[in-house]
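Since every read-out is calculated from the coordinates, none of them should be taken as a lab result. Just so you know, these numbers come straight off a predicted model, no measurement behind them. Glycine gets a Cβ as well: all are built from the backbone with ideal geometry, and neighbour counts include every protein chain shown.
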Amino acid sequence: MKKMLLITVMTLISMVPFVNAAGTATFVKLDDKTKGNWEGVYGKEGYKIAVDFAEKLSKGVKIDIADSATYVWVEKTDDARAPHKPGKKEERIAACWYGDLSATINVGEKPVQLAVYSLDWDCSDARTMQVEIKDGDKVLDKRELSAYSCGKYLVYNVTGTVTVKLTLTAGPNAAISGFFLDPVAAK
């Protein structure tokens, strides 16, 4: 009888839908020095770079990208602005997701550092975008990002499920080249 009751309770628990934890986000810094040299600086707990082969996320972490297309400016370059391929610092690719991108990132309840890398490869600095970090409809942080032809990281401490929303404010389109996850730095 106990075994049957345990199986019934476990079945009922497994039928309860997964509820995303409420999202939090605190802006940490703008990094315009690292460029595409992310390994060793960012991505210790995971990354997703704007090409299909470049994704490695910790168990339970999800990054879902919507409302965007992927574009490769250059498949192979030695330009330091382009993110290098994971484990291959001599191989770089200049690529992005572009458009009115919306990326939903679920990191769970443990605080994680999220670095969002933007690159305006065309060197025009014509692109300007609004970057919002949201929890549902609630805006947790909003920044204008411009002059990112040399590459810029917006770095946040986040928990739960947050959405990174790009909105074009000037230029041909809004563009992001990667998302990088790390432990939150000790104070």
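In the stretch 95-146, which residue that is touching an Asp or Glu at 6+ places or on another chain (Cβ under 7 Å) and basic (Lys, Arg) is farthest from Ala80 (Cα to Cα)? That would be Lys142. Filtered by the rule that a residue be more than 18 Å from Val155 (Cα to Cα) and assigned to a strand (DSSP E or B), the stretch 98-110 gives a lone residue, Tyr98. The condition of being within 15 Å of the chain's Cα centre (by Cα) and under 12 Å from Ser177 (Cα atoms) holds for only one of Lys44, Lys48, that being Lys48. Of all residues in the stretch 67-105, those that are farther than 18 Å from Thr128 by Cα, basic (Lys, Arg), in contact with a Lys or Arg (Cβ under 8 Å, 6 or more places away or on another chain) and in contact (Cβ under 8 Å) with a residue 40 or more places away in the chain total 1.
Scan the stretch 59-67 and tell me whether some residue there is touching a His at 6+ places or on another chain (Cβ under 9 Å), within 24 Å of Glu39 (Cα to Cα) and aliphatic (A, V, I, L, M). Looking through the stretch 59-67, none of the residues is touching a His at 6+ places or on another chain (Cβ under 9 Å), within 24 Å of Glu39 (Cα to Cα) and aliphatic (A, V, I, L, M).
A quick yes/no check of all residues on (1) small (Gly, Ala, Ser); (2) part of a loop (DSSP other than H, G, I, E, B); (3) closer than 20 Å to Gly160 by Cβ; (4) touching a residue at least 12 places away in the same chain (Cβ under 8 Å):
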| position | (1), (2), (3), (4) |
| --- | --- |
| Val28 | no, no, yes, yes |
| Asn37 | no, yes, no, yes |
| Tyr47 | no, no, yes, yes |
| Lys59 | no, yes, yes, no |
| Asp64 | no, no, yes, yes |
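Selection over the stretch 129-143 of residues that are crowded, with 19+ Cβ neighbours inside 10 Å and in contact (Cβ under 8 Å) with a residue 40 or more places away in the chain gives a count of 4. Per the listing Val51, Val74, the residue uniquely surrounded by fewer than 20 Cβ atoms within 10 Å (Cβ to Cβ) and outside any strand (DSSP E or B) is Val51.
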